[in-house]
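Single-structure report; data block below.
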Amino acid sequence: MKHVATAVPYGYEPPKEQYKGTLIYYDIFEDTSDQELDEAENIAEERNFSRFVLYPLHEETVRRMLKHPVRAYYKREQQLESWKQDRDSQAVIEGFEAKRKKYTPMDSALRHLTEKYPAPHFLYLTPEMANLFASYSSFAEWIVKLRIILTDKPDDLHPLLEKYRSRWDVAGEPKEEG
């Protein structure tokens, strides 16, 4: 393979990327309001993410994870599409679970998302979903590969979330420097 030399002026430094990474909103989206979706998108813009991904869970996944019924996947997806069109949003609605049409373990979903979208990866989760994520055996493996942004300050915290406190923050609070 032939190497092509490119001439640049002395002292040239390539411009730094302004936008990087992916914010993944991993949720059921059963009772999520348009205002909550707007807040999540604002977080993505404020923190300069190149991608904002909405990842709705299939009803079989919700049934296994949370043990309560939800509306059909396509109805929740239509609600997200409607929000996206109303706001002229650049958000991506990930259809991985729609294609599978069955229970998808969080590990499989995260593996798919981290392979498909640019790093660094941030998960945008409710405190309940974050506590559930922390209860899985693979949490320690994943928390070193991605960071978490919580929608609200949690009332009770899973011990592993407490242990990895440096790997997550709350959306409305200023980021800690460190």
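The values are calculated or read from the model by the stated rules, or taken from the named source; none is laboratory data. What you see is a predicted model; the values in this text were computed from it and never measured. Every residue, glycine among them, receives a Cβ derived from its backbone with ideal geometry; neighbour counts consider all protein chains shown.
Of note:
- Residues in segment 27-73 that are touching a residue at least 24 places away in the same chain (Cβ under 8 Å), touching a helix residue (DSSP H, G or I) at 6+ places or on another chain (Cβ under 8 Å), assigned to a helix (DSSP H, G or I) and surrounded by 15 or more Cβ atoms within 10 Å (Cβ to Cβ): LEU37, GLU41, THR61, MET65, LEU66, TYR73.
- Residue count for segment 74-91, restricted to those that are closer than 13 Å to TYR55 by Cα and either acidic (Asp, Glu) or touching a Ser or Thr at 6+ places or on another chain (Cβ under 6 Å) (or both): 2
- Of the residues making up segment 63-101, those that are charged (D, E, K, R) and more than 12 Å from ILE28 (Cα to Cα) are ARG64, LYS67, GLU81, LYS84, ASP86, ARG87, ASP88, GLU94, LYS99, ARG100, LYS101.
- Among residues of segment 8-26 that are assigned to a loop (DSSP other than H, G, I, E, B) and modelled with pLDDT of 85 or more, those with a beta-carbon under 8 Å from a residue that is among the hydroxyl-bearing types (Ser, Thr, Tyr) and surrounded by 10 or more Cβ atoms within 10 Å (Cβ to Cβ) at least six positions away or on a different chain give the pairs LYS20/SER50; GLY21/SER50.
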